[in-house]
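The values are calculated or read from the model by the stated rules, or taken from the named source; none is laboratory data. Remember, it's a predicted structure, so these values are computed and weren't measured experimentally. Heads up, the Cβs are rebuilt from the backbone with ideal geometry, glycines too, and the neighbour counts pull from every protein chain shown.
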Amino acid sequence: MDAKATARPETGARRRPHVVDGVQRLDMRYSTALPREYYVSKDIYEKEVDKIFSRQWTFVGHVSELPKIGDYFIQEFAGESVVVVREAADKINGYLNVCRHRGHSLCAAPRGNIRKFVCPYHYWSYGLDGALKNAPGAPDGAVFNYQDWPLHRVGIEDFQGFLFAYFGTDEAPRLGEKFAAARGELERLNTPALKEIHRESYELNCNWKTLLENYLECYHCQGSHQTLCKTMDLEAMYAGTDEWQDPYFTGPVPLRPGLKTVSLNGEIVSRPLGAFASVVDLPTGYGSGFGVVPTLTRGIVHIDHAVVHALRPIDVGRVRWETRWYVRDDAVEGVDYDRENVIAVWTATNKEDIALCENAYRGVRSRRFRPGPLDNKRESAIPPALTTYLEMMAAE
Amino acid sequence: MDAKATARPETGARRRPHVVDGVQRLDMRYSTALPREYYVSKDIYEKEVDKIFSRQWTFVGHVSELPKIGDYFIQEFAGESVVVVREAADKINGYLNVCRHRGHSLCAAPRGNIRKFVCPYHYWSYGLDGALKNAPGAPDGAVFNYQDWPLHRVGIEDFQGFLFAYFGTDEAPRLGEKFAAARGELERLNTPALKEIHRESYELNCNWKTLLENYLECYHCQGSHQTLCKTMDLEAMYAGTDEWQDPYFTGPVPLRPGLKTVSLNGEIVSRPLGAFASVVDLPTGYGSGFGVVPTLTRGIVHIDHAVVHALRPIDVGRVRWETRWYVRDDAVEGVDYDRENVIAVWTATNKEDIALCENAYRGVRSRRFRPGPLDNKRESAIPPALTTYLEMMAAE
Amino acid sequence: MDAKATARPETGARRRPHVVDGVQRLDMRYSTALPREYYVSKDIYEKEVDKIFSRQWTFVGHVSELPKIGDYFIQEFAGESVVVVREAADKINGYLNVCRHRGHSLCAAPRGNIRKFVCPYHYWSYGLDGALKNAPGAPDGAVFNYQDWPLHRVGIEDFQGFLFAYFGTDEAPRLGEKFAAARGELERLNTPALKEIHRESYELNCNWKTLLENYLECYHCQGSHQTLCKTMDLEAMYAGTDEWQDPYFTGPVPLRPGLKTVSLNGEIVSRPLGAFASVVDLPTGYGSGFGVVPTLTRGIVHIDHAVVHALRPIDVGRVRWETRWYVRDDAVEGVDYDRENVIAVWTATNKEDIALCENAYRGVRSRRFRPGPLDNKRESAIPPALTTYLEMMAAE
């Protein structure tokens, strides 16, 4: 099994010009990040909500969280609260957690099971399909037509068990097509049959793009992420991120030769996923994954466990970073896996990244800051992501 | 005694067009609240300070707080601090708590007794009439004329013992005329002879109009205010609020048939007010009150006690809600009334309303929010209040 | 020795017109502070960062903090973080604490000793002269030229041992010339041979100009600063501040006749500075000092100790006030001085001023506030400082 083959879908050679100071420069030997204004302007942040956060799929959860009809969970994202709910065995819907009457939140608990949505303010009720069922005192058609007041829909797509939300009102890209290159690997790993065993969430004092840029490069890994570098193949990573030319990309974290997973020692930390459970001689370097930029979602699926990171913008200088860990759904804690062992690497790495991002953002806020030269090899994923960002900001 | 007769001054039939999306719509079957922008825009809030909060009377206290000449109290409102002070047996004045020299606050303690105002910064002093008496080192006329630098006056009107402040600099409406319909009842209840026994103050994370709208309708009462609904007559309330067509209105909280007051069981919780103290067979359903919208002040006077609610705007997404309770001034705690019993209903109701308002505002902040259809009967007081609001915002 | 002779460098008679409501008025009998807008507008604050805070020298420390090559300390100022570092026995440099690559802070500890700057993010390194030494993976000239990416320089000037920073990129005024009148006195007091024994730092809820104005006048001292007035000569102070016509000024705090220093009783609190250590009969009223307005730095050097105050703007309604105390560097605590005794007067005075400033700012924020008449004698330093402020704000 060849990790790098998986890591490098044929997206073509670097086909986007790099970005310098917000202007495309074809003839330069290096690229930079964006001008300071992009990281500190509240107006630009407000525009990003429309142009970026409402125009891409964002990871929100896993099908295993919604086994029964009526199961729901809430996810906050860029100031919006979305309820993800199972309407039927084969149907999962998303709605803004906002009653159409006066705006009161429909669900208060972060997760639960409901037969219908009942707003606790004036008891307007909605079906799991989002249709207004009853507005007390106003029968359908008497004062207004119920069909005009369904819940605000949020797009939901299930990709191999991972649930994504689309907050825009225009037509969303087809996620299955975007992630097609990872489908085969994830089917073999049977990712719908996972369960979440842990999640972490951090609020950082930095612009969300500072966090994005940090995630997109491993130039800093050798000096700052000793735990991660025990198993991750840095050289292959540099090459791998070089291929993240599309806003939707696929591929695993490349492992050092001979290792089986990202863990403290490269050995598996839970029972192998999917059909690998019965394989005696596990392959090394196996894995897959998916990613979305610039609104960063990154799923990493190893042979024995999965990790999903997701960025949740809060304000121009504030962002939330979430990480969730998954093992196969029939794995037994204490027998098949030890939770602390599964989460060890990324827990350590997240803490290291938080300090880096917050201290980088301190400098970006300096009135004399202008972005410096990016490394063509080890920071090569940043320019295309920022180019995508600028294209989205310029789009209608 | 007929509560509803009191509750419905002849203000005429619904003579204002309702409001939809900020535009007057005469031909619609329903109204809505205002577009989202009105609840989240800092610019609109700043305009409201000028156009709304400086153009209406707001409840600030009761004459019983200022028995002696020189007694004062401070009230904060919409970023301003006002000192209300008794200049003479028959004269109560209001001033901004701001020295004319460099702006230092004149009074630090929330209440007290003074012979004159002495600014602790440079010892400029002012009489209880607001006139500058002495600026150390600058005798009157030597450098400037004292008459040019009196304290900034705030209008104060005493309506049956309840004190109101007017923060604008233009001529204030005559409150006595506005509340004329309630005068007879309040005289009979002898409301100047009350004393405050408790006050509560809450800061809510919502726009002040979200709190206003919540207060103006009892559509949510049945589902959310069980304690209040034990004694309040919901159907009469729907009809009663329907009459709140004027920015200044009068009338009581209508009681369920056969009850004497708003309390946990409808029985009186303190010695009857005014002449009713000597009445053996107390009437049921008796009461009066006054109100101001859109800057919400609401006074409710029952046969045995009084409650005043007042809204204090803080910022576009932050508002203070105050409630004060009064009994007759010669009532003795533990003998004539039990404080916990007097405050039980509104303490519970306020807590319920706070959660409703904050959760409604969460949805109003959603970028896809637009206001839904209001109930023509049970939310009928909202459209005229919002129409008043828009008229005031459009006024010179 | 004549304190007043020192206090009054020949800056000429009051040659600037005073300021009223932002307009120069030559014919008025009194001046005022600026219109309210100047104290509450975020836009004006942002302009001040460019026009004021980047155009004047600000006190940051003392040479005694950097005895060895490589010694550094960090100072925050108006949103910027500067590293002040000794490059050589005769050279002290200042740099923004910002890596040229991605902006990460170079130094985390508030002070220390380094051989070179190494950014902990991607290990870019810089010499003590600010030159980029190494960018891992990008040899000089391969992708970019190192000479194009030195650290952002901040001007540093050492005036008699006191270190000042200049955050602008234009040519800074020559501080030695500006403070020339104080040079002789400070040489005699040998101010480079001091050591810091204490510092205090307060964050105040007020505009920085409210703090400036408070500092510039002693009209409030008699009523509010009893401790300070035990030794300071109020009448001479009024006259002294009258001379602060230039943005850079010199002179001591005038003492009451017969006293030697500012202390609880006018007696010295540490071993005399410089050559005075061996003087048997110490002069009274001796001292010197320097000051900068409108960005307030004020150094006061007595015969036995020194105090430096410095203002650090944070936001339109938030400012930091720092005070540091110095004694001669060979003085021994417990023998030559008692720390509590040295700091007693200004610790008390600072606390009094904080309350005054915050309560004055409450009134300035009132929408009806307009500035009142300033005292021609006791507040006479405010108008020229505000005139300087307006001139700087209007400058290119």
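Hey, A:K178 hits all of (1) closer than 28 Å to B:L216 by Cβ; (2) among the charged types (D, E, K, R); (3) buried (at least 19 other Cβ atoms within 10 Å of the Cβ) but one; which does it fall short on?
(1)
For the condition under 24 Å from A:I343 (Cβ atoms) and of a type in the set (S, T, N, Q), what is the one hit in A:S278, A:S263?
A:S263
Go through the range A:84-114 and give me each residue that's buried (at least 24 other Cβ atoms within 10 Å of the Cβ) and either within 11 Å of chain B (Cβ to nearest Cβ) or under 16 Å from A:S125 (Cβ atoms) (or both).
A:V85, A:Y95, A:L96, A:N97, A:V98, A:C99, A:R100, A:H101, A:R102, A:G103, A:H104, A:L106, listed by residue number.
Look through A:T250, A:T210 and report the one residue that is more than 25 Å from A:G363 (Cβ to Cβ) and in contact (Cβ under 8 Å) with a residue 40 or more places away in the chain. Break it down into steps so the answer makes sense when it comes.
Values: A:T210 fails: more than 25 Å from A:G363 (Cβ to Cβ).
Of A:T250, A:T210, the one residue that is more than 25 Å from A:G363 (Cβ to Cβ) and in contact (Cβ under 8 Å) with a residue 40 or more places away in the chain is A:T250.
Quick one: C:F144 ticks every box in (1) within 23 Å of A:E358 (Cα to Cα); (2) at the interface with another protein chain (Cβ under 10 Å from one of its Cβ atoms); (3) over 31 Å from the mean Cα position of the chain (by Cα) bar one, so which box is it?
In the conditions (1) within 23 Å of A:E358 (Cα to Cα); (2) at the interface with another protein chain (Cβ under 10 Å from one of its Cβ atoms); (3) over 31 Å from the mean Cα position of the chain (by Cα), C:F144 misses (1) alone.
How many residues does the range C:147-156 hold that are over 31 Å from the mean Cα position of the chain (by Cα) and at the interface with another protein chain (Cβ under 10 Å from one of its Cβ atoms)?
Residues meeting the conditions: 1.
Report yes if some residue within the range A:116-129 is away from chain B (no Cβ under 14 Å) and hydroxyl-bearing (S, T, Y); otherwise report no. Break it down into steps so the answer makes sense when it comes.
Going through the range A:116-129, the residues away from chain B (no Cβ under 14 Å) turn out to be A:116, A:127-129.
Within this subset, residues satisfying the condition of being hydroxyl-bearing (S, T, Y) are none.
Checked against the condition, which is being away from chain B (no Cβ under 14 Å) and hydroxyl-bearing (S, T, Y), the range A:116-129 yields no hits at all.
In the range A:271-300, which residues are surrounded by fewer than 17 Cβ atoms within 10 Å (Cβ to Cβ) and either under 23 Å from A:L390 (Cβ atoms) or of a type in the set (S, T, N, Q) (or both)?
A:S278, A:T284
Among the numbered criteria (1) crowded, with 16+ Cβ neighbours inside 10 Å; (2) in contact (Cβ under 8 Å) with a residue 24 or more places away in the chain, which one does A:E200 miss?
So A:E200 meets the others, but not (1).
Out of all the residues in the range A:86-138, which are assigned to a strand (DSSP E or B) and either under 18 Å from B:H220 (Cβ atoms) or free of Cβ contacts under 8 Å to residues at least 12 places away in the same chain (or both)?
A:K91, A:F117, A:V118, A:S125, A:Y126, A:L132, A:N134
Please give the number of the condition C:A172 fails out of (1) away from every other protein chain (no Cβ under 13 Å); (2) over 30 Å from the mean Cα position of the chain (by Cα); (3) outside any strand (DSSP E or B).
(2) is the only condition that C:A172 fails.
What's the number of the condition B:R271 fails, among (1) out of contact with any Ser or Thr (no Cβ under 9 Å at 6 or more places or on another chain); (2) without any contact (Cβ under 8 Å) to a residue 40 or more places away in the chain; (3) part of a loop (DSSP other than H, G, I, E, B)?
Among (1) out of contact with any Ser or Thr (no Cβ under 9 Å at 6 or more places or on another chain); (2) without any contact (Cβ under 8 Å) to a residue 40 or more places away in the chain; (3) part of a loop (DSSP other than H, G, I, E, B), B:R271 violates only (2).
Of the residues C:R36, C:R102, which single one is farther than 30 Å from C:D281 by Cα, modelled with pLDDT of 95 or more and touching a Gly at 6+ places or on another chain (Cβ under 8 Å)? Explain how you work it out, then say what you get.
Details: C:R36 fails: touching a Gly at 6+ places or on another chain (Cβ under 8 Å).
The unique qualifying residue is C:R102.
Could you look through the range B:205-259, keep only residues that are among the β-branched types (V, I, T) and not in a loop (DSSP other than H, G, I, E, B), and pick out the one that is surrounded by the most Cβ atoms within 10 Å (Cβ to Cβ)?
Taking the candidates together, the pick is B:T241.
Spot the failing condition for B:N145; the list is (1) surrounded by 14 or more Cβ atoms within 10 Å (Cβ to Cβ); (2) farther than 25 Å from C:C206 by Cα, and only one is missed.
(1)
Of a type in the set (A, V, I, L, M, F, W, C), within 17 Å of C:K209 (Cα to Cα) and surrounded by fewer than 24 Cβ atoms within 10 Å (Cβ to Cβ): which single residue out of C:W321, C:W346 fits that description?
None of the other options fit; the residue is C:W321.
For the range C:234-262, what are the residues that are within 20 Å of C:E333 (Cα to Cα) and either modelled with pLDDT under 95 or touching a helix residue (DSSP H, G or I) at 6+ places or on another chain (Cβ under 6 Å) (or both)?
C:V262
What number of residues within the range B:131-141 are on the phi > 0 side of the Ramachandran plot and either away from every other protein chain (no Cβ under 13 Å) or exposed (fewer than 14 other Cβ atoms within 10 Å of the Cβ) (or both)?
Total meeting the criteria: 1.
Residues being in a loop (DSSP other than H, G, I, E, B) and under 12 Å from C:G61 (Cβ atoms): count how many of those fall in the range C:145-164. Before you say what the answer is, go through the steps one by one.
Restricting attention to the range C:145-164, the residues satisfying the condition of being in a loop (DSSP other than H, G, I, E, B) are C:145, C:149-152, C:160-161.
Of the ones still in play, those that are also under 12 Å from C:G61 (Cβ atoms) are C:161.
So the answer is 1.
Which of the residues that make up the range C:53-77 are buried (at least 22 other Cβ atoms within 10 Å of the Cβ) and of a type in the set (A, V, I, L, M)?
C:V60
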